[in-house]
Amino acid sequence: MESVQAPITVMQRVEWKYILSAEQTEFFCERLKGHMEQDAYGLTTISSLYYDTPDRKLIRTSIEKPEFKEKIRLRAYGRATNASPVFLELKRKAFGIVYKRRVQATIPEADAFMRGDLDLDENGQIDREITYFRDYYRKLEPACMILYDRTAYYEPDGDLRLTIDRNPRYRTDALSFNHAPVGIPLLAPGDTILEIKVQDTIPLWLVRILSKGKIKCGSISKYGEAYKATLTRAGKEFSHV
């Protein structure tokens with residue numbers, strides 16, 4: 001069998017998340033000018049299909065905020081077709097550091113891999129990690145689609161990256177990339193999610209912007225919030241692992 005194909009991306013960084021009001025978002029974006037630049041893709045709709053066990057063990061564990069947690073998802077940038085590239089990503093967080101391993105695939109290849117009908121065997125350690133994860137948890141199934149409209153920024157002469165996600169939304173049915181990019185809102189109208197991603201520390205100029213804008217660091221997992229919202233809509237309560 002052919003394996004899911006390269007290229008591979010490996011990331012290791014610290015991430016901070018913030019929920020911004022519409023006013024804070026406008027304030028923040030205005031003050032980024034001269035410090036950071038938008039990437040070449042502009043505003044992009046991102047769709048991430050999260051896989052989980054039938055009893056949703058992965059997200060229930062994640063909500064408990066342990067020192068180590070992990071998730072697996074299939075991510076598409078823009079409207080995906082069966083022929084366009086998507087990324088199978090294993091995301092882990094340990095003691096505040098985020099580690100991401102991913103391989104490029106097509107939707108049919110990724111589906112076959114998650115069913116166990118296709119193996120990763122060309123790309124060494126990253127393949128082994130993703131395959132071990134699949135085989136360890138067994139019976140992983142599509143659980144939730146997370147969508148949002150993202151603008152990404154980069155620091156021209158540094159390693160700082162940040163993203164602003166507008167209209168984050170989710171659905172637990174129609175778990176296909178061929179479906180329209182719609183879902184149930186995760187935040188109040190106009191609110192956005194800011195993520196700051198850096199290898200070392202946040203620069204002083206950015207700290208000053210956050211302080212002046214009264215933008216305080218929070219903790220939000222889009223899949224986690226979607227899972228809790230799904231329970232609420234069903235009249236259920238979150239149960240600990």
Notebook entry, point to check: Given THR201, THR192, THR230, which one is polar (S, T, N, Q), more than 18 Å from the chain's Cα centre (by Cα) and surrounded by 13 or more Cβ atoms within 10 Å (Cβ to Cβ)?
Noted result: THR230
Checklist line | Enumeration of residues in region 134-154 that are part of a strand (DSSP E or B) and of a type in the set (Asp, Glu) | finding: GLU141, ASP149
Checklist line | Matching option when the condition is in a loop (DSSP other than H, G, I, E, B), more than 30 Å from PRO66 (Cβ to Cβ) and acidic (Asp, Glu), among ASP173, ASP200, ASP157 | finding: ASP157
Check: Only one residue in ARG102, ARG115 is at pLDDT below 95 and in contact with a Phe, Trp or Tyr (Cβ under 6 Å, 6 or more places away or on another chain). Which one?
Finding: ARG102
Margin query: Return the residues of region 185-241 that are polar (S, T, N, Q), modelled with pLDDT under 90 and touching a strand residue (DSSP E or B) at 6+ places or on another chain (Cβ under 7 Å); say none if nothing qualifies.
Written below: GLN199, SER219
Check: Which residues, counting only those in region 51-88, are more than 16 Å from the chain's Cα centre (by Cα) and either over 23 Å from ASP149 (Cα atoms) or assigned to a helix (DSSP H, G or I) (or both)?
Finding: THR53, PRO54, ASP55, ARG56, LYS57, ARG60, THR61, GLU64, LYS65, PRO66, GLU67, PHE68
Note to self: Pull out all pairs, ordered by first then second residue, where Cβ-Cβ is under 6 Å, the residues are six or more apart or on different chains, the first lies in region 25-41 and is touching a residue at least 12 places away in the same chain (Cβ under 8 Å), and the second is acidic (Asp, Glu).
What the structure shows: MET36/GLU155
Checklist line | Of residues in region 89-132 being farther than 14 Å from ALA76 by Cα and polar (S, T, N, Q), the one surrounded by the most Cβ atoms within 10 Å (Cβ to Cβ) | finding: THR131
Check: Of the residues that make up region 61-69, is at least one in contact with a helix residue (DSSP H, G or I) (Cβ under 9 Å, 6 or more places away or on another chain), of a type outside the set (Val, Ile, Thr) and surrounded by 12 or more Cβ atoms within 10 Å (Cβ to Cβ)?
Finding: yes
Checklist line | Selected residue [within 26 Å of PRO185 (Cβ to Cβ), touching a strand residue (DSSP E or B) at 6+ places or on another chain (Cβ under 6 Å) and of a type outside the set (A, V, I, L, M, F, W, C)] from TYR51, TYR41, TYR99 | finding: TYR51
Checklist line | Candidate set: region 156-173, residues that are out of contact with any Phe, Trp or Tyr (no Cβ under 9 Å at 6 or more places or on another chain) and without any contact (Cβ under 8 Å) to a residue 40 or more places away in the chain; chosen: the one farthest from VAL14 (Cα to Cα) | finding: ASP173
Notebook entry, point to check: Taking the condition surrounded by fewer than 17 Cβ atoms within 10 Å (Cβ to Cβ), under 24 Å from LYS197 (Cβ atoms) and not basic (Lys, Arg), does THR53 pass?
Noted result: no
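The values are calculated or read from the model by the stated rules, or taken from the named source; none is laboratory data. Every value quoted in this text rests on a predicted model; they were computed, and no experiment measured them. As a convention, Cβ positions derive from the backbone with ideal geometry for all residues, glycine included, and neighbour counts pool all protein chains shown.
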